[in-house]
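J.: Before I ask anything, here is the structure I am working with.
The values are calculated or read from the model by the stated rules, or taken from the named source; none is laboratory data. Please read all numbers here as calculations on a predicted model, not as lab measurements. Glycine also receives a Cβ, built like all others from the backbone with ideal geometry; neighbour counts cover every protein chain displayed.
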Amino acid sequence: MLAAFITHADCARHEMGPQHPECPERLGAIHDLLLVKGLLDYMSPYDAPLATPQQLARAHSAMYVQELLASAPTQGHRQVDPDTAMCPHTVQAALRAAGAAVQATDLVLGGEAPAAFCCVRPPGHHAERAAAMGFCFFNNVAVGIRHALDVHGLQRVALIDFDVHHGNGSEDIFRGDERVLMCSIFERGLYPFNGDQATGPNMVNVGLPSRSGSEAFRAAVSEQWLPALEAFRPQLIYVSAGFDAHREDDMGNLGLVEADYEWVTRQLMAVAERHCGGRIVSCLEGGYVLSPLARSVAAHVKVLIGAD
């Protein structure tokens, strides 16, 4: 049984203007390197479906969903915030990205795949319950988690976020939800300029200073994430997989390298093996310089699918 690789051509049609860092080429760079390294030979490909309004409304307000679906321009761009814009193809791409997380959940919990990687965009972890922001429109991983909880009936789901930016949208959606343990590591002082103070007992937020590097990152995982995960005993693990903490990515300055993403994935896999039959759903978030992004994803996926 092979792990799932979920993507869709629609995800590359969304664009926010020339020179925008969250560009369509991100997906091509990832796909090409996974292909060259032979990792796609160990994965089953799936086309992401469109998320339904009902699925979206488990993580977002119904009014927000309705307004966003109706707000795409017929030409040009419509600014959502200074960094985030919609083009005529944005809604379709966002629906595919959220739908990928739902499909991954169904495949993994249905026993059709041991794990899944959603190679999709736009990303999702900054999207709050009723607001698009930070390149994000729907919170893909949150839509998947609520599907696991409300449709599949799981009682304990963990969300791991190692993007260089704090996942404020995920925190907004899951704050106080005792069914979800969210563990986040991020660089202090970066957008969205919060996260240092956990907003609920189910949040394990670790803000690291600039230039912390591998040692501090691994210590935070070992000393704060892993004990919390062991106590929580998740039935399924989701990963908001952002790779912009890489030392070659100018979006942040934590100074991580591919070996760090490989290492943290191995730690999460060990937790998953002990508590949830190895079941992990990973969704792409940040990572904006194409070469380190692709290399980091390959390091993550190699461990995720057991090809290391």
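J.: State all residues of the stretch 145-194 that are farther than 17 Å from Pro209 by Cβ, free of Cβ contacts under 8 Å to residues at least 40 places away in the same chain and among the polar types (S, T, N, Q); if no residue qualifies, say none.
T.: Residues satisfying the conditions do not exist here.
J.: In addition: Would you call Ala29 more than 18 Å from Ala132 (Cβ to Cβ) and hydrophobic (A, V, I, L, M, F, W, C)?
T.: Judged against the criteria, Ala29 is a match.
J.: Follow-up. Yes or no: Gln55 at pLDDT 95 or above, crowded, with 21+ Cβ neighbours inside 10 Å and assigned to a helix (DSSP H, G or I)?
T.: Considered against the rule, which asks whether it is at pLDDT 95 or above, crowded, with 21+ Cβ neighbours inside 10 Å and assigned to a helix (DSSP H, G or I), Gln55 comes out as yes.
J.: Being out of contact with any Gly (no Cβ under 6 Å at 6 or more places or on another chain) and in a strand (DSSP E or B) is the filter here; which residues of the stretch 194-205 pass it?
T.: Within the stretch 194-205, Met203, Val204 qualify.
J.: Still on this structure, please answer the following. Out of the residues in the stretch 71-92 meeting the condition of being among the small types (Gly, Ala, Ser) and modelled with pLDDT of 95 or more, tell me which one is farthest from Leu50 (Cα to Cα).
T.: Gly76
J.: For the stretch 151-167, name all the residues that are in contact with a strand residue (DSSP E or B) (Cβ under 7 Å, 6 or more places away or on another chain) and of a type outside the set (A, V, I, L, M).
T.: Asp161, Phe162, Asp163, His165, His166, Gly167
J.: Could you tell me whether the stretch 197-210 includes any residue that is surrounded by fewer than 24 Cβ atoms within 10 Å (Cβ to Cβ), within 30 Å of Gly28 (Cα to Cα) and among the polar types (S, T, N, Q)?
T.: yes
J.: Here's something else I'd like to know. Could you tell me whether any residue of the stretch 23-32 is over 14 Å from Ala116 (Cβ atoms), among the small types (Gly, Ala, Ser) and in contact (Cβ under 8 Å) with a residue 24 or more places away in the chain?
T.: yes
J.: To continue, here is another question. Within the stretch 58-99, how many residues turn out to be of a type outside the set (Lys, Arg) and in a helix (DSSP H, G or I)?
T.: Number satisfying all stated conditions: 17.
J.: Follow-up. List the helices (runs of 4 or more DSSP H) inside the stretch 206-282, counting only whole elements, that have at least 3 residues being under 20 Å from Val303 (Cα atoms) and of a type in the set (A, V, I, L, M).
T.: 258-275
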